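A.B. asks: If you scroll down you'll find the structure; I have some questions about it.
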Amino acid sequence: MKSQKDIISRNKRITMLMVFATLFLLAAVPSPPPTANEIHTVVLDAGHGGKDPGNLGTGRYKTTEKDVALEVTLELGKYIEESFPDVKVIYTRDDDSFPKLEERVEIANDASASVFLSIHCNSATPRAYGSETFVMGLHKSQASLSTAIQENASIYLEEDYKGTYAGFDPNDPDTYIKLSLRQNVYLDQSLLLSKNIQDQFRERVGRRDRGVKQAGFYVISFTSMPSALVELGFLTNKEEEDFLHSEVGKTYMASAIYRAFRDYKEKMESADIQPEDIPEPDSKTPEPRDDKRNEIPLSELVVNEDIESGVYFEVQILTSSKEIEKSPENFNGLEVVDEYISSGLYKYATGKTRDFEKAKTNQELLKNNGFPGAFVIALENGKRIDLQEALAKFNK
Ligand SMILES: [Zn+2]
């Protein structure tokens with residue numbers, strides 16, 4: 001039989017335990033401090049904008065890369081905000097403005113974002129198609145390097161780009177070697193997120209999966225958080241342009257990236273990441289064989305009208321201090337090349353047309369096929385005139 005004393009001391013012990021338990025619970029009740037893995041802020045970067053249209057696709061639609069990227073980005077942001085009210089979504093642009101590449105990076109870094117996603121559309125030969133997602137690093141194929149050069153070229157449209165990007169010249173191959181030496185502590189997370197995106201594109205939207213790759217894109221090389229650059233597809237491929245031009249296509253792509261983000265968030269926050277979740281970049285670089293098969297030669301793609309006089313446009317592709325023989329071998333297979341001499345330099349151009357839209361399509365084709373510096377010029381009776389002057393003459 002227990003004594004009165006025993007009962008009291010037992011009650012005391014229970015009380016003490018309850019006090020401890022309460023203290024423990026009180027300490028635990030305030031929401032746990034955010035862990036390093038918590039996804040609290042997402043910066044969404046629609047590529048290009050304003051005076052930088054990005055690529056112009058096949059030219060069949062007035063749609064440009066900047067518009068497709070913006071629509072998909074805004075829709076993606078809407079899905080994230082709706083499903084995760086606690087996640088802050090910040091856009092580098094939500095209209096047709098032209099933030100500098102440097103500013104895009106700053107926005108993400110200043111917000112200490114958990115994720116940075118840059119959305120773009122690709123361009124290449126008409127046969128190339130499919131979606132790919134890039135993380136920072138050294139390119140393993142010429143195709144990846146060309147994509148990075150094209151995207152980084154936005155810099156040239158910025159005022160004072162030479163001052164802003166000292167030592168970063170998008171056209172200089174050394175730039176890419178130097179970039180690849182930057183530390184990337186977020187590579188694994190970036191790869192995981194990219195893999196999720198590619199999985200969604202392939203399995204849920206039926207896009208051709210060109211894989212997760214590495215290349216020296218400015219915007220994902222200077223952000224200090226997991227970052228990826230998505231190439232939704234090639235606007236230079238008719239079928240893909242049709243798809244990305246359509247509202248349904250854009251919605252599919254935005255929802256696919258949203259689901260990829262959702263899965264990434266869940267994995268990061270549960271800290272349940274297995275080695276097999278992290279893909280090897282460029283592990284299956286499916287350079288599709290049929291990209292090259294039956295490829296239409298460049299000389300047939302570039303429009304060259306039979307024009308002798310009057311006002312017309314051309315695309316200047318090369319400048320040289322020495323004369324270059326106008327053979328196709330010297331000009332990536334181009335059969336029609338005109339030579340002009342001005343200020344003691346030899347200038348080479350192709351793609352005569354009186355249609356400015358065609359001239360821009362020619363420029364895009366030439367930029368993507370070995371002449372990254374190609375630009376549209378205007379001529380009257382064989383002499384260079386101001387581009388605006390030429391446009392004004394046609395609008396009269
Ligand atoms: Zn782009």
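A.B. asks: With GLN150, GLN198, GLN183 as the choices, which residue is surrounded by 18 or more Cβ atoms within 10 Å (Cβ to Cβ) and out of contact with any Asp or Glu (no Cβ under 8 Å at 6 or more places or on another chain)? Working first, answer last.
C.D. replies: Working: GLN198 fails: out of contact with any Asp or Glu (no Cβ under 8 Å at 6 or more places or on another chain); GLN183 fails: surrounded by 18 or more Cβ atoms within 10 Å (Cβ to Cβ).
Unique residue meeting the criteria: GLN150.
A.B. asks: Which ranges mark the helices (runs of 4 or more DSSP H) fully within the range 121-182 that have 1 or more residues being within 14 Å of the ligand (Cβ to nearest atom)?
C.D. replies: Per the criteria, 142-152.
A.B. asks: Now for a separate question. Take the range 326-354 and flag every residue that is out of contact with any Phe, Trp or Tyr (no Cβ under 8 Å at 6 or more places or on another chain), charged (D, E, K, R) and modelled with pLDDT of 85 or more. Lay out the reasoning, then the answer.
C.D. replies: Keep residues of the range 326-354 that are out of contact with any Phe, Trp or Tyr (no Cβ under 8 Å at 6 or more places or on another chain), which gives 327-330, 333-336, 341-345.
Subset that is charged (D, E, K, R): 329, 335.
Matches in the range 326-354: GLU335 only.
A.B. asks: Could you list, in sequence order, all residues of the range 88-118 that are part of a loop (DSSP other than H, G, I, E, B), away from the ligand (no atom under 16 Å from the Cβ) and touching a residue at least 60 places away in the same chain (Cβ under 8 Å)?
C.D. replies: Scanning the range 88-118 gives ALA111, SER112, ALA113, SER114.
A.B. asks: Please work out if VAL315 is of a type in the set (A, V, I, L, M), within 12 Å of LEU366 (Cβ to Cβ), surrounded by 17 or more Cβ atoms within 10 Å (Cβ to Cβ) and over 29 Å from the mean Cα position of the chain (by Cα). So that I can check it myself, show each step before the final result.
C.D. replies: Details: of a type in the set (A, V, I, L, M): yes; within 12 Å of LEU366 (Cβ to Cβ): yes; surrounded by 17 or more Cβ atoms within 10 Å (Cβ to Cβ): yes; over 29 Å from the mean Cα position of the chain (by Cα): no.
The answer is no for VAL315.
A.B. asks: Then there is this: Any residue in the range 119-139 that is more than 17 Å from LEU56 (Cβ to Cβ) sitting within a Cβ distance under 8 Å of a residue that is part of a loop (DSSP other than H, G, I, E, B) and of a type in the set (S, T, N, Q)? List the pairs, counting only those 6 or more apart or interchain.
C.D. replies: ARG127/ASN237; ARG127/ASN294; VAL135/ASN184; MET136/ASN184; GLY137/ASN184
The values are calculated or read from the model by the stated rules, or taken from the named source; none is laboratory data. Remember, it's a predicted structure, so these values are computed and weren't measured experimentally. Cβ coordinates were reconstructed from backbone atoms using ideal geometry, including for glycine residues, and neighbour counts include every protein chain displayed.
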